[in-house]
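First up is the structure itself, then whatever we jot down about it.
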Amino acid sequence: MGRKEQEKDLRLRGDEIKIFCPATVANVNCGFDTLGFALEGIGDKMVFRKVSTPGVTITVITGEELPMEAHNNVAGVAGNAMLQGIQADFGVEIEIHKNIRSGSGIGSSAASAAGAVFGINQLLDHPISNLELTRYAMKGEALASGNEHADNVAPCIYGGTTLITGYDPLRVISLPPMETVYVGILHPHIKIATKDARAILPKEVPLKDAITQAQRLAGFVASLYEWDKQLFIESVQDVLVEPHRKQLIPHFDTIKTLSKEHGCMAFGISGSGPSLFAFAFAKANIESYLMASKAYYKQQHLKVDTYSSQISGTGCQVIQ
């Protein structure tokens, strides 16, 4: 049974569904609050039950200590925004099973917010569009970061790599796949709150840097449509955010050097950090880089998690 048929079957059964919500990497160096992509095989699971009691009720949370009160939980905020927006005549009970650590920088809050609206959508007789889901999911992200942004929730919902071309009105474009690109994620066991990571950024930037960053974002998008590997490598660089946020991440420059030594062709901060991402055209380069980085952090008495992945073409999805 295909994905669409499976989701239709589950909607017809009506009362309960289970979904997978992928981890995501936002910003991708050259696209602050603009670019993001979904990771393969890394993510949370959520269970939804349609009930007569209005609103969202969170019944179970595993994996992380998070608020059970819907108004204090990103899934609850996003879910309630959607239920109110569509004037639903039902409520939803949600179980949240976290595998993405809070404050990791790979879209923990986005997975909850996007998962909440995606799951509710599967319970509707007439599901709404991914763009509308993204708008509602952004309400949950605002609780976590202080402002509505879509660079994590969009790829979590759409899958693949997404580009936000505007917020008023909201526009999301699915970009061509990054062919044969492997991703390495290194997550040092420190926490960086999104609000703190935003507070460290300057309110104004030099015109020269703004131009450079605009050129790189344009180059990145063009490289995917033409699959120009050299342009891709040249474009995945950051002159606006990395110089400020890297001071929040222990041994950032050393790990960046290790990525180059092991054949990775791009390296940067995932979202607000502390997770770091690296790109390579061969899986072996990613694996050797992650092994070397983990060994280095061990010498510094700092625990890390590592993930080797590709970019997932699928966002949130119904599972058995």
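Taken together, the values in this text are just the output of simple stated rules run on the coordinates, not laboratory data. Please read these numbers as outputs of a predicted model, since none were measured by experiment. Using ideal geometry, Cβ is built from the backbone for each residue, glycine included, and neighbour counts are taken over all protein chains shown.
Just one of the numbered conditions (1) part of a loop (DSSP other than H, G, I, E, B); (2) out of contact with any Lys or Arg (no Cβ under 9 Å at 6 or more places or on another chain) is not true of residue 110: (1). For the range 53-91, the candidate set comprises residues that are of a type in the set (Val, Ile, Thr) and closer than 17 Å to residue 148 by Cβ; within that set, the residue that is surrounded by the most Cβ atoms within 10 Å (Cβ to Cβ) is 74. The set of residues from the range 165-184 being in contact (Cβ under 8 Å) with a residue 40 or more places away in the chain and in contact with a Gly (Cβ under 8 Å, 6 or more places away or on another chain) comprises 175, 177. Test residue 126 against the criterion of being free of Cβ contacts under 8 Å to residues at least 12 places away in the same chain and either more than 29 Å from residue 196 (Cα to Cα) or charged (D, E, K, R) (or both), and give yes or no. So residue 126 fits the description; yes.
Results for (1) out of contact with any Ser or Thr (no Cβ under 9 Å at 6 or more places or on another chain); (2) closer than 18 Å to residue 29 by Cα; (3) in contact (Cβ under 8 Å) with a residue 12 or more places away in the chain, shown as yes or no for each residue.
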| position | (1), (2), (3) |
| --- | --- |
| 189 | yes, no, yes |
| 193 | no, no, yes |
| 201 | yes, yes, yes |
| 205 | yes, yes, yes |
| 211 | yes, yes, no |
| 230 | no, yes, no |
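For the range 65-108, the set of residues classified as farther than 17 Å from residue 119 by Cα, in contact (Cβ under 8 Å) with a residue 12 or more places away in the chain and out of contact with any strand residue (DSSP E or B) (no Cβ under 8 Å at 6 or more places or on another chain) consists of 72, 102, 103, listed by residue number.
Yes or no, residue by residue, for (1) buried (at least 24 other Cβ atoms within 10 Å of the Cβ); (2) not β-branched (Val, Ile, Thr):
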{"residue": "111", "(1), (2)": "yes, yes"}
{"residue": "129", "(1), (2)": "no, yes"}
{"residue": "132", "(1), (2)": "no, yes"}
{"residue": "147", "(1), (2)": "no, yes"}
{"residue": "151", "(1), (2)": "yes, yes"}
{"residue": "161", "(1), (2)": "yes, no"}
{"residue": "166", "(1), (2)": "no, yes"}
{"residue": "182", "(1), (2)": "no, yes"}
